[in-house]
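See below for the structure under consideration.
The values are calculated or read from the model by the stated rules, or taken from the named source; none is laboratory data. Here the structure is a predicted model, which means the values were calculated and not measured. Virtual Cβ from ideal backbone geometry, glycine too; neighbours counted across all protein chains shown.
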Amino acid sequence: MELAQIEQAARRLEGVIHKTPVNTSRTFSEMAGAEIFLKCENLQKTGSFKVRGAFNKIARMAEEGSLPQLVAASAGNHAQGVAYAASTVGARSTIVMPRSTPIAKISATEGYGADIVLHGSGYDEAYEQARKICEEQGATFVHPFDDEDVIAGQGTIGLEVLQAMPTADAILVPAGGGGLLAGIACCVKQVNPRVKVYGVQAAGADAVVRSFKEKHRVTTEIAATIADGIAVRTPGELTTSLIQEFADGMVTVSDEEIAEAILLLLERTKLVVEPAGAASLAAVLNQKLPQLAGKRVVCLLSGGNIDVGFIHKVVEKGLITRGRLMRFQTVMKDAPGSLQRCSAIIAECGANVIMVQHDRMHTNLQLGDAILHVACEVSSVEHGKQLIAALEKEGYRIISES
């Protein structure tokens, strides 16, 4: 792919999308041991970078005088990007979404003017239905990542990062199907080869990482991660080739590390970022690329479309990972005052009980005993250890903790 294609995409997008900010973060810099900057595509129109590629693809067709009915398959960001882009140029769009898609995402996509078809239990079935509609109606399929125009549109982020941060040493990019990483790497390496570009995937959906290491496209059997925006089993052929040619490396992060990054972004920067978008920051905070110590690193926050009903689960997971929330079970006498005594010890240690359950029916209990299930807030992992030690000192037998 030529740099001219990405520059042409940038001209098409001028005045249509936001030129999202690149923010500094002293807090994250201190935590990572590097100078951290955040490229905030979570603040982009439609809530993610996807609108860039979708609009570039659709606008180019409009320039050629061809505006057929457009069809896409997506459960989230690509759906909204295609719907917005199509309505902007006056084209009709149909988005096939899995039946399990949250109502909020369906409503948002409809709000951008698309017709919605709910089909199947996951993306693969929605994709097959979208292809079928294209064949039956002569419509044009807008691929979420394996398309030159889409990749060029995503690559415009690379131009913006280099304009805002010409002294950057590295850019970290979330990867799912690979369109975003391919576009940015292709752009950056043609403008300034000195700047390193690394891809980041969730450990439970690492098809691009495997493809990069094995030097050919790899399909994984499953893609299981909280980062649904990058949960792709099969990356694109074109994206795999471009990533192999231009990217400097790939790493993975766990769901726990992603959840912790989301929580930190909420607390420290007041930014709402979806799991896929937080993967880049999770990588640098967890030292996945130790060679970046002391360097100027741009983390791409690729989107902010997180389901409101899901936020509390992610926050809870992040709190557990950071040692701010702990659960434990202890055996106690099933007698008046036992619960009060246990509660007093927890209070004296400065922990805050948020859930307690008294269990008299466990099969392993001796007569006269009960199991107390407790969830409480603590300030750190060390604080949690101090609480457990205090309970054990008072004779409580801890049978599990997390």
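Against the test of being touching a Pro at 6+ places or on another chain (Cβ under 8 Å) and polar (S, T, N, Q), the options Ser254, Ser280, Ser241 yield a single qualifying residue, Ser280. Note on the stretch 220-270: residues that are in a loop (DSSP other than H, G, I, E, B), in contact with a Phe, Trp or Tyr (Cβ under 9 Å, 6 or more places away or on another chain) and closer than 30 Å to Ser29 by Cα total 4.
The residues listed here are Ala79, Ala72, Ala34, Ala62; of these, the one that is modelled with pLDDT of 90 or more and assigned by TED's automatic domain parsing to the domain that holds Ala9 is Ala34.
Looking at Leu281, Leu264, Leu300, which one is in the same structural domain as Leu159 (by TED's automatic domain parsing) and surrounded by fewer than 24 Cβ atoms within 10 Å (Cβ to Cβ)?
Only one candidate qualifies: Leu264.
In the condition set (1) under 19 Å from Gly53 (Cβ atoms); (2) over 18 Å from the mean Cα position of the chain (by Cα); (3) among the acidic types (Asp, Glu), Asp228 is compliant with all but (2). Where helices (runs of 4 or more DSSP H) fall entirely within the stretch 271-351, those with at least 1 residues that are free of Cβ contacts under 8 Å to residues at least 40 places away in the same chain and of a type outside the set (A, V, I, L, M, F, W, C) are at 308-321, 338-348.
Scanning the stretch 370-391 for residues that are over 17 Å from Glu316 (Cβ atoms), aliphatic (A, V, I, L, M) and surrounded by 14 or more Cβ atoms within 10 Å (Cβ to Cβ) yields Ala370, Ile371, Leu372, Leu387, Ile388, Ala390, Leu391. So, restricting to strands (runs of 3 or more DSSP E) that lie completely within the stretch 56-144, which ones have at least 2 residues that are crowded, with 24+ Cβ neighbours inside 10 Å? It comes to 70-73, 93-97. Within the stretch 314-353, being farther than 28 Å from Ala227 by Cα and of a type in the set (Val, Ile, Thr) holds for Thr330, Val331, Ile345, Ile346, Val353. Only one entry in Ser29, Ser48 is more than 14 Å from Phe141 (Cα to Cα), under 22 Å from the mean Cα position of the chain (by Cα) and surrounded by fewer than 21 Cβ atoms within 10 Å (Cβ to Cβ), namely Ser29.
Comparison of Ala335, Ala375 shows that the only residue that is of a type in the set (A, V, I, L, M, F, W, C) and modelled with pLDDT of 85 or more is Ala375. Residues being touching a strand residue (DSSP E or B) at 6+ places or on another chain (Cβ under 6 Å) and outside the structural domain of Val197 (by TED's automatic domain parsing) are represented in the stretch 380-387 by at least one member.
For the stretch 312-329, the set of residues classified as in contact with a helix residue (DSSP H, G or I) (Cβ under 9 Å, 6 or more places away or on another chain), at pLDDT below 85 and not charged (D, E, K, R) consists of Val314, Val315, Gly318, Leu319, Ile320, Thr321, Gly323, listed by residue number. What's the number of the condition Thr167 fails, among (1) touching a helix residue (DSSP H, G or I) at 6+ places or on another chain (Cβ under 6 Å); (2) in the same structural domain as Ala247 (by TED's automatic domain parsing)? The one condition Thr167 does not meet is (1). For the stretch 173-211, a residue qualifies if it is in a helix (DSSP H, G or I), touching a strand residue (DSSP E or B) at 6+ places or on another chain (Cβ under 8 Å) and either surrounded by fewer than 24 Cβ atoms within 10 Å (Cβ to Cβ) or not assigned by TED's automatic domain parsing to the domain that holds Ala261 (or both), and the qualifying residues are Lys189, Val209.
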